[in-house]
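Below is one structure; the comments refer to it alone.
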Amino acid sequence: MSIRDVAAKAGVSLGTVSKAFDDNAKVSPHTRERIRLAATELGYHPSAVARAMVRKRMDTVGVIFPPNFAAPSRPAFYSTIFDALLEAAMIRHKDISLCTGRLWVDATTSLSRFRDGRCDGFITFWQPAGSDLIPALLDADVPVVLLNDRGSDPRLSYVDIDSVASAHAMTRHLLDLGHRRIALLCGDKPVSTVVPREEGYRAALEEASVAYDSALNLPGTFEPRSIESRIDTLLDLPPAQRPTALFCTTDSIALVALRVLRQKNLRVPEDISVAGHDDLPGVALEHPALTTMRQPFGTIAGHALDLLVSQERDISARGTQLLLPAELVVRASTAPPLITTSLKATAPLHSENKEVNE
């Protein structure tokens, strides 16, 4: 059976049948139902490949993860944003293709496989320095949107949160509680969020006239062993130099920190406050519930898909760059310090507005 048979049985034109299968709003519900019944009676199922050839699009978005997305402390973040992408794609009648079988090597080796027509465009996360994936897609006029990172190429569309402002807000929250020895626990420096969140942290300290101490910002990775080692080093400092709060730049790091502190019989927040970043599913159920910065994952995913669709219609629409605010969510893991240092507290900096803008 073909689409012509369905059109003849339903008593409508080929174009009307095609529009009905595409969920075009111009087809009335009554006509749509008549076409559906005709197709059911004839046992007709539309061919996705044939429809794609006519419309010159597959309605499929490729998602490209970074090399480190399977690291022990990273899957929770990527699975959360991927779930948001799946939901946003469903609303927009798009399919998602996870690009795992076609790993990017370089433009010469890989570009042809990424342009084989299976995907209309790509949403990509942070890529390591030296990768030519994004420049190659841009040069080939392939629709692409970058998530969780920013790019310097004016042709590149990206969606990210304002990491400088969000880290500034969390550090300011801890300062408002009276903390003056605030340690920063980051992940790998090459990851895009590390540098701007350190920048926001240092800016908040400077505004509060609190001297930056490199001993409270030890380099490391997202690996649990690295996090535990840095916490050991911080706790080995003389009492007056130990941190009274830990600002972890991701919830994944914060969850490891809570486990390590429990093993050391330290109470959170009585002995030390712990704050995270992202508001991943489950952190509100931790004991204690984690104070964090909430990323609007659904909004991020929706904007990314809308920017990609606009490029599919007109490649000149690329180059839109969005920075979204994060929201401070105060829970039980942060509180005023029981032991104060010799540093004098400054006036409260925290505003009533918990939404952070650049």
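The values are calculated or read from the model by the stated rules, or taken from the named source; none is laboratory data. None of these values were measured; they are calculated from a predicted model. When we count neighbours, we look across all protein chains shown, and the Cβ atoms used for this are built from the backbone with ideal geometry, even at glycine. What goes into the accessible areas is simple: the full protein's heavy atoms, side chains included, and nothing from ligands, DNA or RNA. Shrake-Rupley method; radii C 1.70, N 1.55, O 1.52, S 1.80 Å.
Note on the chain: lysine pairs with Cα distance below 22 Å, sequence gap of 8 or more or different chains, count 7. Taken per residue, the accessible surface of the chain reaches 48 Å², heavy atoms only and a 1.4 Å probe.
Around the amide H of Asp95, modelled in the peptide plane, lie the amide H atoms of Thr60, Val61, all under 5 Å away and 5 or more residues distant in sequence or on another chain.
Amide H to amide H distances under 5 Å link Arg331 with Thr291, Thr292, where only residues 5 or more positions off or on other chains count and H is placed in the peptide plane.
Every pair of different Cα atoms in the chain enters the Kirkwood calculation, which places the hydrodynamic radius at 22.9 Å. With each label modelled as a point 7 angstrom along the Cα→C-beta vector, the Lys264-Asp83 pair spans 3.1 nm. Compared with the dominant Cα axis of the chain, that is its longest principal axis, helix 297-313 is turned about 40°.
3J(HN,Hα) couplings calculated from phi for the stretch 228-235 with the Karplus curve 6.51 cos²θ - 1.76 cosθ + 1.60 (θ = phi - 60°) are, in sequence order, 4, 5, 5, 5, 4, 5, 5, 6 Hz; Gly and Pro show x. Helix 29-42 axis versus longest C-alpha principal axis of the chain: approximately 70°, rounded to the nearest ten. Only one residue of Leu42, Ala211, Ser252 has its Cα farthest out toward the positive end of the dipole of the chain, where Lys and Arg carry +1 and Asp and Glu -1 on Cβ, and that residue is Leu42.
Three semi-axes describe the equivalent ellipsoid of the stretch 228-309; taken as square roots of 5 times the Cα gyration tensor eigenvalues and ordered largest first, they are 32, 13, 10 Å.
Please name whichever of Ala84, Ala332, Val27 sits farthest to the positive end of the charge dipole of the chain, dipole taken about the Cα centre and charges placed at Cβ: Lys and Arg +1, Asp and Glu -1. Farthest towards the positive end: Val27. Here the accessible area of the chain is 54 percent carbon and sulfur, with a 1.4 angstrom probe and all protein chains present. For the stretch 203-300, trypsin sites (Lys or Arg not before Pro) meeting the loop criterion (DSSP other than H, G, I, E, B) and having at most 14 other Cβ atoms within 10 Å: Lys264, Arg267.
Rounded to the nearest 20 debye, the dipole magnitude of the chain is 840 debye, with +1 charges on Lys and Arg beta carbons, -1 on Asp and Glu beta carbons, and the Cα centre as origin. Peptides 247-254, 29-36, 181-188 ranked from most to least packed by the mean count of surrounding Cβ atoms within 10 Å: 247-254, 181-188, 29-36. Mind checking the angle between helix 194-207 and the chain's longest principal axis? C-alpha axes, 0 to 90 degrees, to the nearest 10. Between helix and principal axis, roughly 40 degrees.
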